[in-house]
Amino acid sequence: MGMLIVSILSILSFELHARPISYSGGSTIMAFSDNMKNSLYYHYSPSYKYSVGIEDIKDKYFRDKYSYLRFTYLLNRKNTQTSQRNLYFQSGVSSKGYDEFFYGMHGDWETRRLFVGFGIKETKKNMQDYTEQFYQVGVAPYLGNYGDLHTWIMLKTKENSLDNKWSTYPVLKFFKGNSLVEFGYNNKTEWDIHLMYRF
């Protein structure tokens with residue numbers, strides 16, 4: 001019975017958030033939009049430990065367009081009967097050249113009710129290097145069954161070294177099956193939107 005509960009929680013956790021790595025042999029397509037960029041990102045996971053993909057970016061800050069060849073690796077995962085913890089390394093090399101790239105880490109800890117996450121990314125560009133970071137906490141107002149529409153109410157705060165200002169705002173997240181929609185708004189940083197579909 002204990003293994004069944006762990007298996008169910010693991011499945012729910014994979015569907016719960018926009019994991020940068022899918023199940024072995026799985027693919028994911030994501031779209032992001034915020035005050036810094038619009039992007040479309042596809043990745044394939046040969047293993048549950050890592051993914052490779054391509055991200056097409058419209059950079060709003062630098063008014064530029066380019067792509068990243070991306071690699072993400074699962075550094076650590078801890079499953080219990082009631083929670084899951086993940087820590088990832090992420091990196092990407094730009095179509096503008098090998099001297100433009102990014103690297104960073106992000107992670108999360110969650111139960112079916114609570115969520116805590118963070119991310120930090122260092123981007124190297126010929127124009128100007130910069131760092132981005134975010135922290136996020138959330139709660140599920142109800143506990144749905146597998147296959148139900150799940151809802152999360154979150155608070156996110158983020159900052160980048162280009163404008164050196166923190167922005168904090170509420171975020172709503174909805175997911176059902178292989179689809180996820182997440183959006184938040186702050187008058188400083190405007191819309192923060194994330195769409196995902198896993199197949």
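The values are calculated or read from the model by the stated rules, or taken from the named source; none is laboratory data. Nothing here was measured: the structure is a model prediction, and the numbers come from that model. Here Cβ is always computed from backbone atoms with ideal geometry, including for glycine, and neighbour counts include all displayed protein chains.
Can Ile120 be described as farther than 26 Å from Phe102 by Cα, in contact (Cβ under 8 Å) with a residue 12 or more places away in the chain and assigned to a strand (DSSP E or B)? No; evaluated as a whole, the condition is false for this residue.
Just for strands (runs of 3 or more DSSP E) wholly inside segment 1-60: which have at least 1 residues that are at pLDDT 50 or above and closer than 17 Å to Asp108 by Cβ? Where strands (runs of 3 or more DSSP E) fall fully within segment 1-60 and carry at least 1 residues being at pLDDT 50 or above and closer than 17 Å to Asp108 by Cβ, they are 26-33, 50-59.
Lys188 falls short of the stated requirement of being farther than 20 Å from His106 by Cα and touching a Leu at 6+ places or on another chain (Cβ under 6 Å). Considering only residues that are of a type in the set (Lys, Arg) and either in a strand (DSSP E or B) or within 13 Å of the chain's Cα centre (by Cα) (or both), look in segment 72-103 and name the one that is surrounded by the fewest Cβ atoms within 10 Å (Cβ to Cβ). Checked segment 72-103; the qualifying residue surrounded by the fewest Cβ atoms within 10 Å (Cβ to Cβ) is Lys78. Considering (1) in contact (Cβ under 8 Å) with a residue 12 or more places away in the chain; (2) surrounded by fewer than 17 Cβ atoms within 10 Å (Cβ to Cβ); (3) not acidic (Asp, Glu), the lone condition that His106 does not fulfil carries the number (2). Answer yes or no: is there a residue in segment 150-165 that is under 21 Å from Ser51 (Cβ atoms), touching a strand residue (DSSP E or B) at 6+ places or on another chain (Cβ under 7 Å) and in a loop (DSSP other than H, G, I, E, B). Within segment 150-165 (the criterion being under 21 Å from Ser51 (Cβ atoms), touching a strand residue (DSSP E or B) at 6+ places or on another chain (Cβ under 7 Å) and in a loop (DSSP other than H, G, I, E, B)), the answer is no, since none of the residues qualifies. With respect to the conditions (1) part of a loop (DSSP other than H, G, I, E, B); (2) farther than 28 Å from Ser27 by Cβ, Gly147 falls short on a single one, namely (2). Of the residues making up segment 137-166, those that are among the polar types (S, T, N, Q), within 28 Å of Tyr61 (Cα to Cα) and free of Cβ contacts under 8 Å to residues at least 60 places away in the same chain are Thr157, Ser161, Asn164.
Which one of these is closer than 23 Å to Phe62 by Cα, part of a loop (DSSP other than H, G, I, E, B) and not charged (D, E, K, R): Gln128, Gln133? Just one listed residue meets the conditions, Gln128. So is Tyr169 of a type in the set (Phe, Trp, Tyr), surrounded by 15 or more Cβ atoms within 10 Å (Cβ to Cβ), without any contact (Cβ under 8 Å) to a residue 24 or more places away in the chain and under 19 Å from Ser33 (Cβ atoms) or not? Judged against the criteria, Tyr169 is a match.
Scanning segment 166-199 for residues that are of a type in the set (Ser, Thr, Tyr) and part of a strand (DSSP E or B) yields Ser167, Thr168, Tyr169, Ser179, Tyr185, Tyr197.
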